[in-house]
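Worksheet: the structure to be examined is printed underneath.
The values are calculated or read from the model by the stated rules, or taken from the named source; none is laboratory data. As the structure is a computational prediction, the values presented were derived from the model and not from experiment. Please note: Cβ atoms are built from the backbone with ideal geometry, for glycine as well, and neighbour counts cover all protein chains shown. Ligands, DNA and RNA are stripped out before the accessible areas are found, and what is left, the full protein with its side chains, is counted by its heavy atoms. Shrake-Rupley method; radii C 1.70, N 1.55, O 1.52, S 1.80 Å.
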Amino acid sequence: MCGIVGYVGENQAAPILLDGLSKLEYRGYDSAGIAIYDGEKIEMQKVMGRLKVLEEQTHGGQTMPGTLGIGHTRWATHGCPSDTNAHPHFNKEHTIVVVHNGIIENYGKLKHKLVQKGYQFLSETDTEVLVHLLTEYYKGDPISAIEQVMRRVEGSYALGIMFLDHPHHIYAARKDSPLIVGESSMGNLIASDVPAVLKYTRSVFYMENEEIACLSKENIRFYNIDGDELKKESSVIEWDIDAAEKGGYEHFMLKEIYEQPKSVRDTINPRLKDDNVVIEELGMSDDEIRGVKKITIVACGSAYHAGMTGKYVLEGMARIPVEVDLASEFRYRNPIYEEGTLAVIISQSGETADSLAALREAKKHGVRVLGIVNVVGSSIAREADNVMYTWAGPEISVATTKAYSAQIAALYLLALKFAKVRETVTQEEFLTLKNDLEQLPEQIETLLGLKEKIQRFANRYLAANHMFFIGRGVDYAIALEGSLKLKEISYVHSEAYAAGELKHGTISLIEDGTLVVAVATQERLYPKSISNIVEVKTRGAFVMAVTNFGHKEIEKTADYVIYIPKTSSYFTNSLAIIPLQLFGYYVSLGKGLDVDKPRNLAKSVTVE
């Protein structure tokens, strides 16, 4: 949520800020702005709407000269989208300017005190509290002022700050919202995420909680909240900038759908060695794996759906009790922390606020934490006891596809590893499962060949207002994800249900012409799934079924059938999700919507 970019160096800052912000559009935003020091004063331009409006008003940054500046794309939390509420925010004297990602939880109390002292607020944002607090505490030393503000505010923040008195420096601070610092020969940068700086450098520093950075064009210095200078090591970004570009595809989402064979292959292949599963980063001995009594999977959104798949697979294959929690509920339900529990935190960005809070809560109670994340060096990756990376590469579209597929592939590996060590599968069963796992990338490629067929079907349902997804067992988990993919990018009301629950109320919503997507890939539950299809058919539903090759008899009940290649019943979600992703994509495309940047959503949810 929100995007921050800052630059100080030899080149004109505004074009660099605009370019960097364009690489962060996937984070979601409703307004944009930049502030530039022009040699005498700080100039600011901000607008409600897309970044292209700001680019047009500034002629690509050419009307705002200067080699030092900060920029922002805002995702509204306090105050509606407007020019006034857009960032950056000035103090009254225009001597301090701030951009902010996060939420200041005690802003109401702070604002009341500042108003009593005579400070005037122009916006409805919590961020304006920060700039007035900085003014209150600033006595010529920016680091000291920032420290005092950090001690007063509660909540999360990533800050980019400029002081007119220090016209050759940018200041940054971080707590619970992501912020990186990029080091290059043409100057130095701050940003919310790597894609914003990758054009200029591959050398980055990851800021930790309650750290402050001071950047000039020649130097970068880091401090803790007590003002002590810190020594930090930079990291080198290995992936290529082309990975964050569309590469000829109409949308990032379609590109990323087509990258799934690679993301799954890159996640599983390095960990399948000879006749074994080797997850070195798991950091657990065989005895420790045997000692695990329960696994708690905690995640949000699609990662939660991946966790639901993981529950079925881990319990079925490795015979370990598994709980799956929404991260936003986990730490507020006062969970029981049993000895022998392994907490698995799943997040694409590794910065998801609720998931990060759940991680800290689990660790506080002595629970061992494994992070499954996609972004190297992210907060969850750094704070978890161990981290298992999903090698999906940068994912730009807000609606996840390849990162989700890599997450469930990682969970398959985890289940297979635990099953082998705990001897809940025979060696013959293990080798069969390993072989099926290795075949998944090629099978996904086969399913991608159905895109024209699925597009034609999707075009028939562009006017639909309600759809339902149903499934049993692990198919229920995939129904949840398929439904989410549709609703988040096409704005069609869609619900997912465990098919056996239809008769307990939901079936009253089925009427003539209602589209029901039925996932039926579990052999032992197949007859019951057919019965559920018949139930909705007799009430007028039009049924699209997703099932395994060989189940031709389903054509007698379903109106439209998509067949997936045969694989282990544990792994069918990796295949069944492909047509559902494509279906959601083509419904959104047919409705003329912004596929990659759906309204009101953000790629990385860094606030509660």
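Can you tell me which residues in the range 452-462 are closer than 16 Å to Leu486 by Cβ and outside any loop (DSSP other than H, G, I, E, B)?
Passing the criteria: Ile454, Gln455, Phe457, Ala458, Asn459.
Which fully enclosed helices (runs of 4 or more DSSP H) of the range 283-338 have 2 or more residues being in contact with a Leu (Cβ under 8 Å, 6 or more places away or on another chain), open to solvent by less than 40 Å² (accessible area, probe 1.4 Å) and touching a residue at least 24 places away in the same chain (Cβ under 8 Å)?
Working: elements: 286-290, 301-318, 327-330.
By residue number, 301-318.
Is it the case that some residue within the range 551-560 is closer than 27 Å to Cys300 by Cα and not in a helix (DSSP H, G or I)?
Checking the range 551-560: not a single residue is closer than 27 Å to Cys300 by Cα and not in a helix (DSSP H, G or I).
Which condition number does Ser263 fail, the rest of (1) assigned to a helix (DSSP H, G or I); (2) in contact with a strand residue (DSSP E or B) (Cβ under 8 Å, 6 or more places away or on another chain); (3) crowded, with 19+ Cβ neighbours inside 10 Å being met?
Tallying (1) assigned to a helix (DSSP H, G or I); (2) in contact with a strand residue (DSSP E or B) (Cβ under 8 Å, 6 or more places away or on another chain); (3) crowded, with 19+ Cβ neighbours inside 10 Å, Ser263 fails exactly one: (2).
Give me a count of the residues in the range 104-122 that are in a loop (DSSP other than H, G, I, E, B) and in contact with a Gly (Cβ under 6 Å, 6 or more places away or on another chain). Before the answer, list the steps.
Initial filter on the range 104-122 (in a loop (DSSP other than H, G, I, E, B)): 105-106, 117-122.
Retained after the next criterion (residues that are in contact with a Gly (Cβ under 6 Å, 6 or more places away or on another chain)): 105.
Count: 1.
So that you can scan it fast, the table gives a plain yes or no per residue for (1) buried (at least 21 other Cβ atoms within 10 Å of the Cβ); (2) in a strand (DSSP E or B); (3) touching a residue at least 40 places away in the same chain (Cβ under 8 Å); (4) touching a helix residue (DSSP H, G or I) at 6+ places or on another chain (Cβ under 8 Å):
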| position | (1), (2), (3), (4) |
| --- | --- |
| Ile507 | no, no, no, yes |
| Asp512 | no, no, no, no |
| Arg524 | no, no, yes, no |
| Lys528 | no, no, yes, yes |
| Tyr570 | yes, no, yes, yes |
| Ile578 | yes, no, yes, yes |
| Phe583 | yes, no, yes, yes |
| Leu593 | no, no, yes, yes |
| Asp596 | yes, no, yes, yes |
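Scanning for something open to solvent by 10 Å² or more (accessible area, probe 1.4 Å) and assigned to a strand (DSSP E or B), does the range 129-143 turn up at least one residue?
Residues of the range 129-143 open to solvent by 10 Å² or more (accessible area, probe 1.4 Å): 135-141, 143.
Then keep just the ones that are assigned to a strand (DSSP E or B); that gives none.
No; the residues of the range 129-143 include none that is open to solvent by 10 Å² or more (accessible area, probe 1.4 Å) and assigned to a strand (DSSP E or B).
Quick check on His100: is it assigned to a strand (DSSP E or B) and under 23 Å from the mean Cα position of the chain (by Cα)?
For His100, the condition - assigned to a strand (DSSP E or B) and under 23 Å from the mean Cα position of the chain (by Cα) - is met.
Any idea which of His100, His94 is out of contact with any helix residue (DSSP H, G or I) (no Cβ under 6 Å at 6 or more places or on another chain) and either loosely packed, with under 15 Cβ neighbours inside 10 Å or under 30 Å from Val53 (Cα atoms) (or both)?
On the way: His100 fails: out of contact with any helix residue (DSSP H, G or I) (no Cβ under 6 Å at 6 or more places or on another chain).
Among His100, His94, only His94 is out of contact with any helix residue (DSSP H, G or I) (no Cβ under 6 Å at 6 or more places or on another chain) and either loosely packed, with under 15 Cβ neighbours inside 10 Å or under 30 Å from Val53 (Cα atoms) (or both).
Tally the residues that are surrounded by 24 or more Cβ atoms within 10 Å (Cβ to Cβ), farther than 22 Å from Val595 by Cα and touching an Asp or Glu at 6+ places or on another chain (Cβ under 6 Å), restricting the search to the range 379-408.
Matching residues across the range 379-408 total 2.
Here is a check on your reading of the model: is Ala173 under 24 Å from Asp354 (Cβ atoms), touching a helix residue (DSSP H, G or I) at 6+ places or on another chain (Cβ under 9 Å) and open to solvent by less than 30 Å² (accessible area, probe 1.4 Å)?
Numbers: under 24 Å from Asp354 (Cβ atoms): yes; touching a helix residue (DSSP H, G or I) at 6+ places or on another chain (Cβ under 9 Å): yes; open to solvent by less than 30 Å² (accessible area, probe 1.4 Å): yes.
Yes.
Regarding the range 148-160, can at least one residue be identified that is part of a loop (DSSP other than H, G, I, E, B) and either buried (at least 24 other Cβ atoms within 10 Å of the Cβ) or under 31 Å from the mean Cα position of the chain (by Cα) (or both)?
Just the residues of the range 148-160 that are part of a loop (DSSP other than H, G, I, E, B), to begin with: 153-154.
Now narrow it down to the ones that are either buried (at least 24 other Cβ atoms within 10 Å of the Cβ) or under 31 Å from the mean Cα position of the chain (by Cα) (or both): 153-154.
Yes.
Taking the range 24-50 as the search range and keeping residues that are in a loop (DSSP other than H, G, I, E, B) and within 21 Å of Asn600 (Cβ to Cβ), which one is modelled with the lowest pLDDT? Reasoning before the result, please.
Applying the first criterion (in a loop (DSSP other than H, G, I, E, B)) to the range 24-50 yields 24, 28-30, 38-41, 49-50.
From what is left, the residues that are within 21 Å of Asn600 (Cβ to Cβ) are 24, 28-30, 49-50.
Numbers: Leu24: 83, Gly28: 67, Tyr29: 74, Asp30: 84, Gly49: 87, Arg50: 85.
That would be Gly28.
Say whether the condition of being closer than 20 Å to Pro195 by Cβ, β-branched (Val, Ile, Thr), surrounded by 21 or more Cβ atoms within 10 Å (Cβ to Cβ) and touching a Leu at 6+ places or on another chain (Cβ under 7 Å) is met by at least one residue in the range 29-40.
Yes: the range 29-40 contains one or more residues that are closer than 20 Å to Pro195 by Cβ, β-branched (Val, Ile, Thr), surrounded by 21 or more Cβ atoms within 10 Å (Cβ to Cβ) and touching a Leu at 6+ places or on another chain (Cβ under 7 Å).
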